[in-house]
Amino acid sequence: MSNKLLEMAVETLKENGVRMTPQRHAILGYLYSVTSHPTADEIYKALEGTFPNMSVATVYNNLRVFKDVGLVREMTYGDASSRFDANMIEHYHIICNSCGKIIDFDHRPLNEIEEKAETITGFKVQSHRLELYGICPDCQIRSNQ
Ligand SMILES: [Zn+2]
Ligand SMILES: [Zn+2]
């Protein structure tokens with residue numbers, strides 16, 4: 001699965017005139033292998049053993065390249081570090097208020113809320129972001145102990 005995604009990523013980069021480098025390969029491979037929506041810093045820490053000369057700035061710059069060509073999504077949270085998601089299929093997120101983990105869940109896109117917002121506000125809606133917050137199963141177990 002992750003190899004197929006990487007092959008497709010190489011193609012997408014090539015179409016956009018971006019060269020696949022070993023570092024880019026490793027960053028994308030890492031993103032495809034986790035569901036944790038890591039920050040640039042977390043990706044850096046996971047890969048610094050393999051690429052001792054790589055900096056957080058390099059990771060961040062490569063993530064920006066991936067974002068520009070549509071391979072990853074950046075999720076910003078005010079002043080906190082952005083989180084990155086390589087799952088480009090429409091999906092929603094649920095976030096644990098206790099440990100901060102972000103989990104994907106599938107749901108059909110809520111187009112009717114976009115239409116309703118357009119009718120009410122006169123905006124031309126381009127996208128929406130919906131996040132649910134709660135306590136994850138692990139944290140529920142921990143708090144019951
Ligand atoms: Zn939790
Ligand atoms: Zn996600």
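The values are calculated or read from the model by the stated rules, or taken from the named source; none is laboratory data. In this text, all values refer to a predicted model and were calculated from it rather than measured experimentally. Backbone-built Cβ (ideal geometry, glycine too); neighbour counts: all protein chains shown.
Could you figure out which of (1) farther than 23 Å from Tyr77 by Cα; (2) free of Cβ contacts under 8 Å to residues at least 12 places away in the same chain; (3) surrounded by 12 or more Cβ atoms within 10 Å (Cβ to Cβ) isn't true of Val125?
Among (1) farther than 23 Å from Tyr77 by Cα; (2) free of Cβ contacts under 8 Å to residues at least 12 places away in the same chain; (3) surrounded by 12 or more Cβ atoms within 10 Å (Cβ to Cβ), the lone unmet condition for Val125 is (1).
Among the listed residues Gly49, Gly17, identify the single one that is loosely packed, with under 15 Cβ neighbours inside 10 Å, away from ligand 2 (no atom under 16 Å from the Cβ) and on the phi > 0 side of the Ramachandran plot. Show your work before the answer.
On the way: Gly49 fails: on the phi > 0 side of the Ramachandran plot.
After ruling out the rest, the residue left standing is Gly17.
Any residue in region 88-101 that is more than 12 Å from Cys139 (Cβ to Cβ) sitting within a Cβ distance under 7 Å of a residue that is of a type in the set (Gly, Ala, Ser) and in a strand (DSSP E or B)? List the pairs, counting only those 6 or more apart or interchain.
Between residues of region 88-101 that are more than 12 Å from Cys139 (Cβ to Cβ) and residues that are of a type in the set (Gly, Ala, Ser) and in a strand (DSSP E or B), the close pairs are Ile94/Gly134.
Do we find that Ile141 is within 16 Å of ligand 1 (Cβ to nearest atom) and exposed (fewer than 11 other Cβ atoms within 10 Å of the Cβ) in this structure? Spell out the reasoning first.
On the way: within 16 Å of ligand 1 (Cβ to nearest atom): yes; exposed (fewer than 11 other Cβ atoms within 10 Å of the Cβ): yes.
In short, yes.
Within the set of pairs 6 or more residues apart or between chains, which connect a residue that is under 20 Å from Gly134 (Cα atoms) inside region 102-115 to a residue that is of a type in the set (Phe, Trp, Tyr) and assigned to a strand (DSSP E or B) with Cβ atoms less than 6 Å apart?
Final answer for the pair search is Phe105/Tyr92; His107/Tyr92.
Looking for whichever is outside the structural domain of Thr12 (by TED's automatic domain parsing) and away from ligand 1 (no atom under 16 Å from the Cβ) here; the options are Leu71, Leu47, Leu110. Which one fits? Outline the logic, then answer.
Details: Leu71 fails: outside the structural domain of Thr12 (by TED's automatic domain parsing); Leu47 fails: outside the structural domain of Thr12 (by TED's automatic domain parsing).
It is Leu110.
Take the conditions out of contact with any Gly (no Cβ under 9 Å at 6 or more places or on another chain) and within 16 Å of ligand 1 (Cβ to nearest atom) and apply them to Leu132. Does it pass?
Values: out of contact with any Gly (no Cβ under 9 Å at 6 or more places or on another chain): yes; within 16 Å of ligand 1 (Cβ to nearest atom): yes.
So Leu132 fits the description; yes.
Residue-by-condition table, conditions (1) away from ligand 2 (no atom under 13 Å from the Cβ); (2) within 28 Å of Lys4 (Cα to Cα):
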| site | (1), (2) |
| --- | --- |
| Val56 | yes, yes |
| Tyr60 | yes, yes |
| Phe66 | yes, yes |
| Gly78 | yes, no |
| Ala86 | no, yes |
| Asp106 | no, yes |
| Asn111 | yes, no |
| Leu130 | no, no |
| Gln140 | yes, no |
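Go through the residues of region 44-63 one by one and say whether even a single one is of a type in the set (Phe, Trp, Tyr), farther than 19 Å from Val18 by Cβ and modelled with pLDDT under 95.
First, the residues of region 44-63 that are of a type in the set (Phe, Trp, Tyr): 44, 51, 60.
Going one step further and asking which of them are farther than 19 Å from Val18 by Cβ, we end up with 44.
Next cut, modelled with pLDDT under 95 only: none.
Taking every residue of region 44-63 in turn, none turns out to be of a type in the set (Phe, Trp, Tyr), farther than 19 Å from Val18 by Cβ and modelled with pLDDT under 95.
Does region 96-116 include one or more residues that are in a helix (DSSP H, G or I), among the hydrophobic types (A, V, I, L, M, F, W, C) and at pLDDT 90 or above? First the steps, then the outcome.
Just the residues of region 96-116 that are in a helix (DSSP H, G or I), to begin with: 111-116.
Right, trim to among the hydrophobic types (A, V, I, L, M, F, W, C) and you get 113.
Subset that is at pLDDT 90 or above: 113.
Yes: region 96-116 contains one or more residues that are in a helix (DSSP H, G or I), among the hydrophobic types (A, V, I, L, M, F, W, C) and at pLDDT 90 or above.
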